[in-house]
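So the structure is just underneath, and the comments pick up after that.
Read-outs: derived from the displayed coordinates by stated rules, not from any lab. None of these values were measured; they are calculated from a predicted model. Heads up, the Cβs are rebuilt from the backbone with ideal geometry, glycines too, and the neighbour counts pull from every protein chain shown.
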Amino acid sequence: TYALGEILVLKGNRNLATGLRGVTVRSSGSLESGLAWSRENLIDGQSVIGAPTAKSGQPLAHGWESGRFSAAASWVQIDLGDVRSIDEVRLVPARLLEYGDSHGYGFPLRLRVEVANNAELSNARVLADWSAQRRGDPGFNPLTLPGAGLPGRFLRVTAEELWQRQSGIY
């Protein structure tokens, strides 16, 4: 058997094989067994490497967590200070080491990522939209979204379906 977890085709720090339309994977043969084994898994941006967990020997902060909700959408928005050309956006899942492997902790099940020139997002352009369907758990891997050079000052990530932390608390 011959197995690979991911193929990275890099230009600078950009993986050209992930997230681009029209990218196809061919092989001389493949098991093609559901979610576990597939040609498409070679370019899905997920690998056993995952996201970094330490920098210069110091533990990384967990990241950002929304307030607790019973069932509602939540969003976070970043102001870049001025309009910039956006090549890509990477969403890095939180990893809480003190709770063991918190695979996919808090990562939204359905989400939308938009870029705009104003804080109200009246002229928003959508980079990714999984608001109508579940995207799936990225594990410990960054979710990389191509920005195609779109101009924008504000980036908003909206969780349309929140992750369940405990019974009735999202």
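Near Asp87, the amide H atoms lying under 5 Å from its own belong to Gly149; only residues 5 or more places off or on other chains count, and H is placed 1.01 Å from N. Computed over the stretch 123-169, the alpha-carbon pair-distance distribution with 5 angstrom bins reads 4, 14, 22, 24, 17, 11, 5, 2, 0, each value a whole percent. Each residue of the stretch 126-137 was assigned a 3J(HN,Hα) from its phi angle through the Karplus expression (A = 6.51, B = -1.76, C = 1.60, θ = phi - 60°), giving 8, 8, 7, 9, 10, 7, 8, 9, 6, 7, x, 7 Hz with x at Gly and Pro.
Between Arg26 and Gln77, the simple spin-label model (points 7 angstrom out along Cα→Cβ) gives 4.7 nm.
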